[in-house]
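Heads up, the thing below is written out as C-alpha cells.
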Amino acid sequence: MFDVNVIRKDFPILDRTVYGKPLIYLDNGATTQKPRMVVEAITDEYYSVNANVHRGVHYLSQQATELHEGSRETVRRYINAKNVNEIIFTRGTTEGLNLLVATYGEEFMNEGDEVIISVMEHHSNIVPWQILAARKGITIKVVPMNDKGELLLDEYEKLFTERTKMVSIMQVSNVLGTINPIKEMIATAHKYGVPFMVDAAQSIPHMKVDVQDLDADFIVFSAHKVYGPTGIGVVYGKEEWLDRLPPYQGGGEMIKHVSFEKTTFNDLPFKFEAGTPDYIGTTAFAKALEYVNNVGIGNIAAHEHFLTEYATQKMKEIPGMRIFGEAPQKGGVISFLVGDIHHFDMGTLLDRLGIAVRTGHHCAQPLMQRLGIEGTVRASFGMYNTREEVDALVEGIKRVSQMF
Ligand code: PMP
C-alpha cells in the first residue's frame, strides 16, 4: 500500500522549517531529497568498508568492489539492460551526454553529417552537439512542437536524410512535463538505420524505463534526481555500440596494458571508467533504487499523476494563470506564469512562505524562445509530496498574485 505519510518519515529533511514555516519542497525536477537509508549507506561505507575498488587483494578492497559491482547489477535490473557491461557509471546526465557525443561523434560523424534533437532539449543535450559541430562541421536539426508542448512526429520523420547519424531526445521535458512517445520515435529512427539516445534524466524517477522494451541504443540519467546521491550517473548503451566507441578519458582502470609504445584498453564497462570511481556513491545509488523499487514505480507515477492533475485544476482557477505544457501525456512538472508577475518575484515570495520552486529558463533557453518568454516558475513533484502541499502552493500563488 502506498502511504505518503509513511514515506515522508524516511526523508528527515521534510521535517525542517524555512523562515519558521514547514518546508514544502517542490523542486524535485532539479534534485530530489534523500531517504535516510541512502545517507546512511554513505556513512556506513566510509566508516566500515572504505577501500579503493578493483585493485586490492585485501579484504576491504574486495568488499568495496563487491558493493560497487553489486550496484551496477542493481542499475542493470532497474532499467532491464541485458548485461552489466552495458552500464557505465558517470558523474551524471551531463557527463553521460558529453561522453556519448564526444565518442560517437569521434567515431561515426564527419562534416555534413546530421544529428536530430528537439526544441525542448536541456542545454546538456544541445551544447555538446554544438561543440562537436564546431569541431567537425556536423549539422544539428531540431524537431518542432505544437503549442501544447507535443513534438510533431510528422515533422520529425521529415528530418531524416542519408546524412542522419544520430537522434538524441529527452523522454520527459523538465519544463513542460511532456512525456515524449520515445518508443515510437526510436522505431522511426531505426527504420532509417539511425541509432537513438535518450535523455532519461526526468523519466527514470517517475516511470518504468525498460531499455529493451524501448529498444534504445543509449540512455543517460542522474542518481540525484531519483533519490540517490549527487555526482553519480549512468550511461546505458547496447553492448554492440559501446564496443565500437573509443574511450572517453584515459587513465587508470580503463586500460589492460600500458607501455610507452602502445596501450590496450580494458573491456566494458571499465573502458569508459577512467580513474577511481565514486564507489561510495554507487552503493548509495543502489540503495535509492531499492527504495524506489520497494515503494513501486507504478505507485509513484500514479501518486504524482494525481498531484499534477489536482494542482493543474486548482491553479487554472487563479486569474491570469498561464500553464506551459499541456500535453495529454504529462509527468509531474507544472511550469507557469501569472499575469505579468516576473517568475523570479513569484519564486522569491513563495520561498518566503516555505515553498521551494524553481524559477528561470530551466537550462532550456531555446525552448523559452519558442514559448516567447524568458522563464517560468516550475513546481515539480516527488513521491513524498502531498495534496495539502499542493493546496499550500495554490494558496501561496493566490497570495502573491494579490500583492501585485
Ligand atoms: N537533462 C534533463 C532533462 C534535466 O532535467 C537535467 C537536470 N536539470 C539534465 C539533463 C542534467 O542533469 P545533471 O545536472 O544531473 O547532469
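Specify the residue that is nearest to residue 210 (Cα to Cα); the eligible residues are those in region 86-111 that are assigned to a helix (DSSP H, G or I) and either of a type in the set (D, E, K, R) or open to solvent by 40 Å² or more (accessible area, probe 1.4 Å) (or both).
86
Going residue by residue through region 156-165, is there one that turns out to be out of contact with any His (no Cβ under 6 Å at 6 or more places or on another chain), within 30 Å of residue 30 (Cβ to Cβ) and of a type outside the set (Val, Ile, Thr)?
If we filter region 156-165 for residues that are out of contact with any His (no Cβ under 6 Å at 6 or more places or on another chain), which is where we start, we get 156-165.
From what is left, the residues that are within 30 Å of residue 30 (Cβ to Cβ) are 156.
Then drop every residue that is not of a type outside the set (Val, Ile, Thr), which leaves 156.
Within region 156-165 (the criterion being out of contact with any His (no Cβ under 6 Å at 6 or more places or on another chain), within 30 Å of residue 30 (Cβ to Cβ) and of a type outside the set (Val, Ile, Thr)), the answer is yes, since at least one residue qualifies.
Residues 287, 256: which one is under 19 Å from the mean Cα position of the chain (by Cα), of a type in the set (D, E, K, R) and within 30 Å of residue 70 (Cβ to Cβ)?
287
Kindly indicate which of 274, 327, 302 is part of a loop (DSSP other than H, G, I, E, B) and in the same structural domain as residue 21 (by TED's automatic domain parsing).
After ruling out the rest, the residue left standing is 327.
Within region 36-60, track down each residue that is basic (Lys, Arg) and not in a loop (DSSP other than H, G, I, E, B).
Scanning region 36-60 gives a single hit, 36.
In the set 155, 150, which member is within 20 Å of the chain's Cα centre (by Cα) and more than 16 Å from the ligand (Cβ to nearest atom)?
None of the other options fit; the residue is 150.
When you scan region 142-158, how many residues do you find that are open to solvent by less than 50 Å² (accessible area, probe 1.4 Å) and assigned to a strand (DSSP E or B)?
Summing the residues that are open to solvent by less than 50 Å² (accessible area, probe 1.4 Å) and assigned to a strand (DSSP E or B) in region 142-158 gives 3.
What are the residue pairs meeting all of these: first residue in region 81-98, first residue among the polar types (S, T, N, Q), second residue part of a helix (DSSP H, G or I) and within 8 Å of the ligand (Cβ to nearest atom), Cβ atoms under 7 Å, and 6 or more apart or on different chains?
Close Cβ pairs (under 7 Å, with a partner that is part of a helix (DSSP H, G or I) and within 8 Å of the ligand (Cβ to nearest atom)) amount to 90/96; 93/124; 94/124.
Of all residues in region 38-67, which are open to solvent by 70 Å² or more (accessible area, probe 1.4 Å) and closer than 16 Å to residue 291 by Cβ?
39, 40, 44
Would you confirm, using the coordinates I've provided, whether residue 329 is within 24 Å of residue 151 (Cα to Cα), touching a Pro at 6+ places or on another chain (Cβ under 9 Å), touching a residue at least 60 places away in the same chain (Cβ under 8 Å) and open to solvent by 10 Å² or more (accessible area, probe 1.4 Å)?
yes
Quick check on my filter: what residues within region 319-369 are more than 15 Å from residue 24 (Cβ to Cβ), aliphatic (A, V, I, L, M) and more than 16 Å from the ligand (Cβ to nearest atom)?
If the condition is that a residue be more than 15 Å from residue 24 (Cβ to Cβ), aliphatic (A, V, I, L, M) and more than 16 Å from the ligand (Cβ to nearest atom), then 321, 323, 337, 338, 341 are the ones that fit.
Counting only residues that are within 15 Å of the ligand (Cβ to nearest atom) and of a type in the set (S, T, N, Q), which one in region 93-117 is nearest to residue 137 (Cα to Cα)?
Among those that are within 15 Å of the ligand (Cβ to nearest atom) and of a type in the set (S, T, N, Q), it is 98.
Considering every residue within region 21-35, establish whether at least one is open to solvent by 10 Å² or more (accessible area, probe 1.4 Å) and in a helix (DSSP H, G or I).
No, region 21-35 contains no residue that is open to solvent by 10 Å² or more (accessible area, probe 1.4 Å) and in a helix (DSSP H, G or I).
The values are calculated or read from the model by the stated rules, or taken from the named source; none is laboratory data. Since this is a predicted model, take the numbers as computed values, not measurements. When we count neighbours, we look across all protein chains shown, and the Cβ atoms used for this are built from the backbone with ideal geometry, even at glycine. Protein only, heavy atoms only, side chains kept; ligands, DNA and RNA dropped before computing areas. Shrake-Rupley method; radii C 1.70, N 1.55, O 1.52, S 1.80 Å.
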